[in-house]
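The values are calculated or read from the model by the stated rules, or taken from the named source; none is laboratory data. As the structure is a prediction and not an experimental result, all values here were calculated from the model. Backbone-built Cβ (ideal geometry, glycine too); neighbour counts: all protein chains shown.
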Amino acid sequence: MNKFVFLIPLIPLIGFLINGLGRSVISKSFAGILGCGTVLVSFILSIILFLNVRNGHTGVEYLYNFISFESLHIPFAFQVDQLSVIFLLIITGVGFLIHIYSTAYMHGENPAAYARYFAYLNLFVFSMLLLVLGANYVIMFLGWEGVGLCSYLLIGYWFRNTEYNNAAKKAFVMNRIGDFGFLLAVFWMIRVFGTTDYVDVFAKASSAPVNVTVLTGITLLLLLGATGKSAQIPLYTWLPDAMAGPTPVSALIHAATMVTAGIYMIARSNILYTLAPTSQAIVAVVGLATAILAATIALKQNDIKKVLAYSTVSQLGYMFLGLGVGAYTASVFHVITHAFFKALLFLGAGSVIHAIPVILGGGQEQDIRTMGGLKKYMPVTHITFLLACLAIAGIPPFSGFFSKDEILISAYSRSPILYWIGLGGSLLTAFYMFRLYAMTFLGRYRGTAEQEHHLHESPPAMTMPLVILAILAVIGGFLGLPEIFAPDSNWLEHFLAPIFAGSEKISPAIPVAHNTEYILLAVTVVLVVICIVWAIGRFRNYSLKELEEKGLGKFLQNKWYVDELYDAIINRPLRAISGFLNSIVERSGIDGIVNGVGRFVNYSSRQLRLIQNGQVGAYILMMVVAVLFFFIIQLFLK
Amino acid sequence: MTINHYIFLSVALFCIGIVGVLTRRNAIVIFMSVELMLNAVNILLVAFSKMHYLAAKIINPATQAGIEGQLFVFFIMVVAAAEVSVGLAIIVMMYRNIHSVDVNFLNRLKH
Amino acid sequence: MGITQILFWFLTALVLGSALMVIFSKNPVHSVLWLIVTFFCISGHYILLNAQFLAIVNVIVYAGAIMVLFLFVVMLMNLNAETEPQKNKWLKFAGAIAGSCLLLVLVAALKDTDAMRQEVLMKTGDIGLIHNLGMVLFRDYLLPFEISSVLFLSAMVGTVVIGKKGD
């Protein structure tokens, strides 16, 4: 029975309403319990649903007719199948852990702000569930907009800080550009197919001879939407700034769930992309370029969260690469493992930030140059963080190894160049992650003695999710064990096979010879280990006196000057045009007309008022003049 | 006489009435001007009545065509009599309240 | 030019002259008297048109009853003195101009109409006799006639209510 599926998004929505409307009256503990409890219920329901789906009970759950217009019918329906159920588990599962974590992390807030935080989180979970559950692109778009809104609200959660507000606005505007593409794609789809239901669209796209150019256009517009939401070139710059939000938010929204919406959408539309090879190639190129670009930037960042943010962008790039080379399963696999280890990394970073006392007059300490040696103060955080770093770097048998290598092997099967570039990126990943690890946990503490005195391990509500996520990050890879290790062991691929069957039929995966695969894996692991050792050796005894960056280092530290580039080619001309429109067209043109009309009416009314003098004689005179006037019109001016 | 003689007589009388209404301030004189206008219309009605009667009589000597015109004048006189009685009562009351029959004092429409 | 024409022109001149005297007399009492002259002349016109009943009714109702009411009110208010304050010169001028313009426009509009050449039956024709009018009035227009009595009743009630003191 999948009838209860509507409860899964509904329960967090109820939590949002209670927490949001009653935020000034409910206590902190109630808000926390409500926030976590609703997500927990959704998680349990998702597990039940998952078991149902595994027994083959998939389908579309129709709720009611959402939009009905002539021949266009958009039902409010939920898609219950293998892909959506996997995302449900990630969202509610990881979401629940992060909710638990948040109860401790956000404890310093006052009750109203605390309830507001949980209200936003619940709203986010609701929107995200709507996004993955929707059975057509319109419902997905509702969720898509909803998560964008929540992202904005949560980045700007500490709204008294102008910088944070700007970051929130930046995220919102960047997302809008993507949403614009998404919306156009939906309209185009309605024009071409007359429906937005996944089932019908995919059936019509693959059966009827649809123009490839049209499909390419639609998929490219969808890709624009995905680049906005999933922070790919050219719209990735919002994600690093989004680190202004509370750290659990970064973990939930900007690492584990929301940013994978683009991957979900492309995986969902896999058949369209398979039918439009040009778009697919562009997806691969965009993904790979983003992966490399973000990885190089991450090398030189000093803010603990910024490094993780660029690492997220880079990992998302890998997922796009996977989608682009047709390895949809591998991408979804990487989404899963990434959700585990990246959420873990963010929560670990949050734990570190939480542990270091605030310096008087300063904000939260996030600069890794002033950290170091936290290993002995925070053992749990340290161990879990290390496991996550190993997972993301791709050391077997941690989860990241399997998923990332599956993507790279698929890329190799399409073109070895993609593989080698991707490998370069994963080496960079290993390097910057262990640079981060070494500078944070190894060596000596570089902050003040006063701070050092207060360093402490985080409370259990924070470490418990860390431990659970660490376990998942370690064993998660066994969901999709490659064929070469054990025949028929790739559970995920079998599970998701029905979703990608259509694409598989049109462009079957090119198998790579097992020997080649062994060699590639071995090469990868060896190179990664070298990078790790180098990074630890280089940064374990990092000292504050290191020279300022020069040349390439400075270029990377300034993020390739992409923000400045956007500023120069988009913002400045736009501002100039706006300034011109404001000062010339608006002030003197439109305002002049509007105010002139107002002044004229005012003046003429003042004059006309004098006619209303209350004298009966004058009124009669006017009447006679009017009659005269009408006579003249009637009799002489026919 | 042709009908246009009567029409011009009637129009002239009517316009005299209008000029009276427009130029005088005394409410009673204004009222009398209104009566002049009413009578201008009455003359015209009777003249048209006789004009139609003549046109119809040539075809049928026993016709009574146009008699409604004269009946209408009768009803106009009825209404005029009623109107004068009420109008004069209003003027009397106005005189009682403001001790004048000058319509320019009646400018409450302004407020 | 027969006697009828002479009488027509004479009465027309008298009507217009006395009407002008009505509106230009300073003294309201004179206005009332000139108005009576006007009404008598109009009655003369009715006789020329052989509308004998209307001529008599006009004398009785207008020149008699209504004008007596006017006179009565004027005397009651003691307005025979030339106390009327002058109206705004400009407004007076404008009123006269507007009235003349209306006259001009109407005359100009009507002077070339075809129907203007039709003859009007003078002196003879029996539709204006009281017998014929009475037959039509009490046969075809009985209901309006009765309703006009209601109008009179309401006018009477209205007059009494308005004229009542101490409201």
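Observations, loosely collected:
- Residue list for the stretch C:124-133, filter: more than 7 Å from chain B (Cβ to nearest Cβ) and free of Cβ contacts under 8 Å to residues at least 24 places away in the same chain: C:His131
- Residues in the stretch C:46-57 that are more than 7 Å from chain B (Cβ to nearest Cβ) and at negative phi: C:Ile47, C:Leu48, C:Gln52, C:Phe53, C:Ala55, C:Ile56.
- Test: residue in the stretch B:55-76 that is facing chain C (nearest Cβ under 7 Å), of a type in the set (Val, Ile, Thr) and within 14 Å of C:Ala51 (Cβ to Cβ): yes
- Of all residues in the stretch A:235-264, those satisfying the criterion of being among the hydroxyl-bearing types (Ser, Thr, Tyr) and in a helix (DSSP H, G or I) are A:Thr247, A:Ser250, A:Thr260, A:Tyr264.
- Subset of the stretch B:1-27 (residues that are facing chain C (nearest Cβ under 7 Å), part of a helix (DSSP H, G or I) and closer than 30 Å to B:Tyr95 by Cα): B:Leu13, B:Cys15, B:Ile16, B:Ile18, B:Val19, B:Gly20, B:Leu22, B:Thr23
- The set of residues in the stretch A:490-506 being assigned to a helix (DSSP H, G or I), in contact with a helix residue (DSSP H, G or I) (Cβ under 7 Å, 6 or more places away or on another chain) and of a type outside the set (D, E, K, R) consists of A:Trp491, A:Leu492, A:Phe495, A:Leu496, A:Pro498, A:Ile499, A:Phe500, A:Gly502, A:Ser503, A:Ile506.
- Scope the stretch A:289-315; condition surrounded by fewer than 24 Cβ atoms within 10 Å (Cβ to Cβ) and either of a type outside the set (D, E, K, R) or part of a loop (DSSP other than H, G, I, E, B) (or both); matching residues: A:Ala289, A:Ile292, A:Leu293, A:Thr296, A:Leu299, A:Lys300, A:Gln301, A:Asn302
- Complete set of residues in the stretch C:31-43 that are over 20 Å from B:Val73 (Cβ atoms) and at the interface with chain B (Cβ under 10 Å from one of its Cβ atoms): C:Ser31, C:Val32, C:Trp34
- Boolean, C:Leu7 is more than 7 Å from every other protein chain (Cβ to nearest Cβ), within 16 Å of the chain's Cα centre (by Cα), surrounded by 16 or more Cβ atoms within 10 Å (Cβ to Cβ) and within 22 Å of B:Phe48 (Cβ to Cβ): no
- Exactly one residue out of A:Gln607, A:Gln612 is more than 14 Å from every other protein chain (Cβ to nearest Cβ) and within 30 Å of B:Val19 (Cα to Cα): that is A:Gln607.
- Lone qualifier among A:Ser588, A:Ser543, A:Ser605 - being closer than 30 Å to A:Arg369 by Cα, among the polar types (S, T, N, Q) and surrounded by fewer than 11 Cβ atoms within 10 Å (Cβ to Cβ): A:Ser543
- Filtering C:Leu137, C:Leu151, C:Leu121 for residues that are at the interface with chain B (Cβ under 8 Å from one of its Cβ atoms), in a loop (DSSP other than H, G, I, E, B) and within 24 Å of the chain's Cα centre (by Cα) leaves a single hit, C:Leu121.
- For the stretch A:49-90, filtering for residues that are within 27 Å of A:Pro248 (Cα to Cα) and out of contact with any Phe, Trp or Tyr (no Cβ under 9 Å at 6 or more places or on another chain) leaves 1.
- Residue count for the stretch B:68-87, restricted to those that are of a type in the set (Val, Ile, Thr) and closer than 23 Å to C:Met116 by Cβ: 1
- Of all the residues in the stretch A:127-162, those that are over 28 Å from A:Ser68 (Cβ atoms) and in contact with a helix residue (DSSP H, G or I) (Cβ under 7 Å, 6 or more places away or on another chain) number 10.
- All conditions but one from (1) at positive phi; (2) outside the structural domain of C:Gln52 (by TED's automatic domain parsing) apply to C:Lys123; the one that does not is (2).
- Filter pass, C:Leu142 being facing chain B (nearest Cβ under 8 Å) and at pLDDT 80 or above: no
- Among the residues making up the stretch A:234-256, a single one is modelled with pLDDT under 85 and farther than 25 Å from A:Tyr117 by Cβ: A:Pro234.
- Close Cβ contacts (under 7 Å, 6 or more residues apart or on different chains) running from residues in the stretch A:557-583 that are touching a residue at least 24 places away in the same chain (Cβ under 8 Å) to residues that are hydrophobic (A, V, I, L, M, F, W, C) and assigned to a helix (DSSP H, G or I) comprise A:Lys559/A:Ile297; A:Trp560/A:Leu293; A:Trp560/A:Ile297.
- Count - residues of the stretch C:13-33 that are surrounded by fewer than 20 Cβ atoms within 10 Å (Cβ to Cβ) and in contact (Cβ under 8 Å) with a residue 12 or more places away in the chain: 5
- Identity of the residue in the stretch B:81-102, of a type in the set (A, V, I, L, M) and more than 7 Å from every other protein chain (Cβ to nearest Cβ), that ends up nearest to C:Asn132 (Cα to Cα): B:Met94
- Matching option when the condition is in the same structural domain as A:Tyr542 (by TED's automatic domain parsing), modelled with pLDDT under 90 and part of a helix (DSSP H, G or I), among A:Leu466, A:Leu427, A:Leu479: A:Leu479
- Some residue of the stretch A:200-209 being modelled with pLDDT of 90 or more and out of contact with any Asp or Glu (no Cβ under 7 Å at 6 or more places or on another chain): no
- Boolean, B:Leu36 is more than 7 Å from every other protein chain (Cβ to nearest Cβ) and at pLDDT 90 or above: no
- Residue within the stretch A:597-604 that is within 30 Å of C:Lys92 (Cα to Cα) and within 14 Å of chain B (Cβ to nearest Cβ) present: no
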